[in-house]
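Chemist: There's a structure below that I have some questions on.
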Amino acid sequence: MVSPLGTFRPQLHSIPDILHAITRDRPDSAFLQADQDVFVSYRVASVMAEKVVAQSLTEHCVNLGLVPATQPKVAIISPNGPLLPLTLWASWYIGAIPCLLNAKADPSLWAAMTVIGCLPYRTIPRPREILIACIEYFDSLSGPYESDISPFVATAETSALVVFTSSGVNEITLKAVTYSHAVLIQSGRRTLMAFGGSEYASTPKTHLGWLPLSHAFEFSIAFIGIVIGTGGSYVFHDPGVSSPQASATAGILELLLSALDYYRRVDTLCTIPAILTTQYAKLNEAQIHLLKSLKTLCVAGAPTPDDLFDWARSKAINIIDLIGATEVAGGLATCATSHSEGFVIMDGLFGVLQKDQLDDDRGELILSGQHLPSTYLHGQGDAFSSQGVGNEITAYRTGDIYYQCPLFEGLTILKGQPLPSFDSSFSRMSGRMDDLIVLASGLKVDAVALEGILDNESSVKRSAIVPSADRNALIALIEPSPDIVWDEKTTSEVSHRINHHLLADHRIALENFVLVDELPMSSKSVLHRKALKNIMSAHGDRWPSHRTLLSISTTRLDVDAPITSNISFDTDAPLTSNAPFDIDITTLSEVETILGDVFNVPLVEVQDHSRFFGDLPLSSLAMTQLAGRLQSDIGSRITVVELYSVRRISDLIQLINSKSNPTPIPAFRPPIVTPRSIGVGLSRIAGERIVISGASCTFPGGINTLDSLWDKLIYPESFGRTLAKEAPASRWTPQKNLASGVFGWLDDVSLDNANSLASFFGIPPVELEAMPPNTRLVMQMGYKAIQDAGVAPSSLNKKDWGIFTSMNESGWKESRAATVGLDEYSKRWVNGTDDSAGARLSYFLDLTGPAMEIKTACSSSAVAIHQACLAIENGDCSAAIVIAAMTNFSPSITMFRSYAGIASPLGRCATFSSDADGFLPSEGAAALVLQREADVSGPIYARIRATALAQDGRSQGFAAPNPDAQSRLLSTGLRKAGLTPDDVSYLEAAL
């Protein structure tokens, strides 16, 4: 019989059962709090969750064609705030399974998470405002509090939550586990037992929350274990409330301490070691007293330095060093006394070390226990296995190496031996080995894997990867191969190959490659990591070598200097390293709130003003929203172009500050040049100018001429009526809950014309049937454009006209293969590709000029025009046909646009307005004929004065524009055309 522990009683089988019991027993106790006197009780929260949020969530599911009681998975993308726990409660009430997604993750990861519904909170008021609104709504109710929705009855084994591990950086490495209610309750019990048992759990605890609830650490330990497990309250940290007078340079530790002082009665705080590591020795007695007043200071997420842990114990701070994993729904081991005594496996878990050899002092930790997740959501790997008569015990291979402490207590096995039966008695061992490096940012680096890459270099005898003293960078210790002359070129070559395997912000700088005489080796001829650590610790994190520490310059550096990152850090500055700006704390807090809202990231992640802007989930829509919010909320008129020039959050603050004290900037006017000064290759004088002599197009809504296109541009309402959310039956099999958005579709008659085209172009019907619609459109539009130019297509026989095409990845190949079968598709494979679309028209017309396909994403058709002009000027062809086509036979691209917020959900472009929410994607095709003006006998559409081409280079993100590069491109184009900006009267803005 399981004994009661806090609110976790044997008769309560699910989290909703526990919440209802707390509401019944202590209805007016604080549950969610945002200020000293602003909180909602369990009773108010139950009404808001089960009556209001549940109703909205049910309607959302029904609109997606889902039945809540069938437990659909609903993604919640939200920064920390009261709406998040209320939505969790509502999800459990209606029977949905909430999936907590990282608000700062790339949208492609959200798409890869394969959840069914998505409930994003894009613009969220501050926690205080939300709770006040909840209280006012509750006070306005005069009737019964009961919900109109019948509650879903959950059991212990009912799925309660999907949580993704923090190690996924792309769709391949993405992993998730499903927690049942029993898993969450067992995790909560483990937490309470580790923090003090029944005595600790007997009174409600108040927790100050600032870490993201989407992570298993904060959710399982703090929200489930501490708050719900004791019937306590969760305080949302908001510096604007608890630290309104704080300096703009205040670090997160200073702000958290201020919050502890403001709320007075806070029992627990969870944090990561980096918050305390550089600051703990500088705390005054009053600040130390605030930490001592906590019932528990839980530190997790990365290895806690021994000196920090020992300092906290010496100050009588109730610190608990915790090791956890998403795969076990929270904590797995704790240390509350001394690191030398090791970590104790938490109650209800059984730990075994699996060694390679009996005399090893380390091994992989394998955990087993009841009520653990049994597999990854999509079954990746073999980390989980079942034990026991009824498979009631789950064993989890952590993949982490732990070593035996002097007081080691537990079982060890050799690889290949069966796991012993579950034993609930405790195990004691030391922490994870340092093979896994956890940087201050939280990034985990497999040192062994990187060393294997370095050791394969002919110039390297052996290597060791270690973190810098501040854990902000990686250091490569290199023992060179004999008779190798190691110079900067060698460093550069090795650096290039190793950094290919690292994220950009954590690559090893040239100056962090350190040459050593000899690395310590064990008796088994492997790197002795413990000895390596001891050597560096004994020399103050320096390497006691007389070899040169290489730099990108030729200056010799002090080889005994501490090994740190290549970035300069002020060790006396707060963790956030915020630069001082003349901006008041209220405005600063509003800016942080705006950033958190627009980019859907926790507030704490934008309070580090040294953070790179490119680390945030940038998109053109988000940048437009940010510019709008900055103007509406704080009156700062900052353009989107200026925002794309911002490198760090501190730069944005400086930009806002500069707007208050503007400095006049001279207007830029490019030098005026005459056409003949541009250069022979690009000279376009009269008679040699390239003109557009013919054109053709086809778009949705019956647009088949330039006149009808112009009519729709002038009167767009009639075009809007041709749009649809559902794809025509010919595109793909309709699927429920498929996120696609409004789209412009060509009618099937425009595409299903294989017989007529086969006859006209002399292509066997069986070949043309396999031909992509994009290719068919290219041939049709190209032929019509030639006719529109007043040129008889038959007269072009043997002429050196070129064809330049640009087409999207339409999904036709996959669709065709699925329809006719792989075998049949393979027989006609050459007919099913778009690559030869232009060549097919060249073949039909017998043209001898170049035929090429251009692919540069959204700019493909414009680049095709540029390449065509160059080909004409260089003499590669005497004229050119430029043709672009776009069709869709796969839902993936429409889903991507929807997930990424690129396409307008309302199906209209509201460019440069506050209503802008994306563009309107559409199928279609168009063609232009380019000729030298002297060769044209009829009317022309336009003259091309100049074209210019460039690449953004590095910007705030791969898909983000680079204003500097684009400004240079515009200047180049104007210079080539002999124009000034004032001469331009029409601009086209494109994605």
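The values are calculated or read from the model by the stated rules, or taken from the named source; none is laboratory data. These figures come from a predicted structure and were not determined experimentally. So basically every Cβ, Gly included, is an ideal-geometry build from the backbone, and we count neighbours across all protein chains shown. Quick note on the areas: whole protein, heavy atoms, side chains included, nothing else; ligands and nucleic acids left out. Shrake-Rupley method; radii C 1.70, N 1.55, O 1.52, S 1.80 Å.
Chemist: For the stretch 68-90, what are the residues that are out of contact with any strand residue (DSSP E or B) (no Cβ under 6 Å at 6 or more places or on another chain) and hydrophobic (A, V, I, L, M, F, W, C)?
Modeler: Ala69, Leu83, Leu84, Leu86, Trp89, Ala90
Chemist: Hey, another quick one. If Ala880 satisfies all but one of (1) assigned to a loop (DSSP other than H, G, I, E, B); (2) not assigned by the TED database to the domain that holds Arg816, what's the number of the condition it fails?
Modeler: (1)
Chemist: Within the bounds of the stretch 931-941, is there any residue that is of a type outside the set (Ser, Thr, Tyr), open to solvent by 30 Å² or more (accessible area, probe 1.4 Å), modelled with pLDDT under 85 and not assigned by the TED database to the domain that holds Thr624?
Modeler: Within the stretch 931-941 (the criterion being of a type outside the set (Ser, Thr, Tyr), open to solvent by 30 Å² or more (accessible area, probe 1.4 Å), modelled with pLDDT under 85 and not assigned by the TED database to the domain that holds Thr624), the answer is yes, since at least one residue qualifies.
Chemist: Next question, about the same structure. Only one of these is under 33 Å from the mean Cα position of the chain (by Cα) and either over 12 Å from Ile221 (Cα atoms) or modelled with pLDDT of 90 or more (or both): Gly330, Gly351. Name it. Steps first, answer last, please.
Modeler: Working: Gly351 fails: under 33 Å from the mean Cα position of the chain (by Cα).
Step by step, each of Gly330, Gly351 is checked, and only Gly330 is under 33 Å from the mean Cα position of the chain (by Cα) and either over 12 Å from Ile221 (Cα atoms) or modelled with pLDDT of 90 or more (or both).
Chemist: Go through the stretch 903-919 residue by residue and tally those that are of a type in the set (A, V, I, L, M) and closer than 19 Å to Asn808 by Cβ.
Modeler: 1
Chemist: Now, a different point. Please give the number of the condition Val863 fails out of (1) among the β-branched types (Val, Ile, Thr); (2) surrounded by fewer than 21 Cβ atoms within 10 Å (Cβ to Cβ); (3) within 17 Å of Met779 (Cα to Cα).
Modeler: (3)
Chemist: Looking at this structure, is Leu746 within 17 Å of Pro891 (Cβ to Cβ) and modelled with pLDDT under 80? Break it down into steps so the answer makes sense when it comes.
Modeler: Details: within 17 Å of Pro891 (Cβ to Cβ): yes; modelled with pLDDT under 80: no.
Here the answer is no, as Leu746 does not meet what is asked.
Chemist: Here's another thing I want to ask about it. Looking at Ser898, Ser878, Ser922, can you tell me which residue is farther than 24 Å from Asn808 by Cα and among the hydroxyl-bearing types (Ser, Thr, Tyr)? Walk me through how you get there before you give the answer.
Modeler: Details: Ser898 fails: farther than 24 Å from Asn808 by Cα; Ser922 fails: farther than 24 Å from Asn808 by Cα.
Result: Ser878 is the single residue among Ser898, Ser878, Ser922 that is farther than 24 Å from Asn808 by Cα and among the hydroxyl-bearing types (Ser, Thr, Tyr).
Chemist: Which one of these is in a helix (DSSP H, G or I) and either at pLDDT 70 or above or under 16 Å from Arg507 (Cβ atoms) (or both): Val485, Val448?
Modeler: Values: Val485 fails: in a helix (DSSP H, G or I).
It is Val448.
Chemist: Check the stretch 72-80 and report whether any residue there is at pLDDT 90 or above, under 27 Å from Thr230 (Cβ atoms) and either of a type outside the set (Lys, Arg) or part of a helix (DSSP H, G or I) (or both). Before the answer, list the steps.
Modeler: Here is the first cut: in the stretch 72-80, the ones at pLDDT 90 or above are none.
Checking the stretch 72-80: not a single residue is at pLDDT 90 or above, under 27 Å from Thr230 (Cβ atoms) and either of a type outside the set (Lys, Arg) or part of a helix (DSSP H, G or I) (or both).
Chemist: Now, a different point. Of all residues in the stretch 465-503 being in contact with a Phe, Trp or Tyr (Cβ under 8 Å, 6 or more places away or on another chain), without any contact (Cβ under 8 Å) to a residue 40 or more places away in the chain and hydrophobic (A, V, I, L, M, F, W, C), which is surrounded by the fewest Cβ atoms within 10 Å (Cβ to Cβ)?
Modeler: That would be Ala476.
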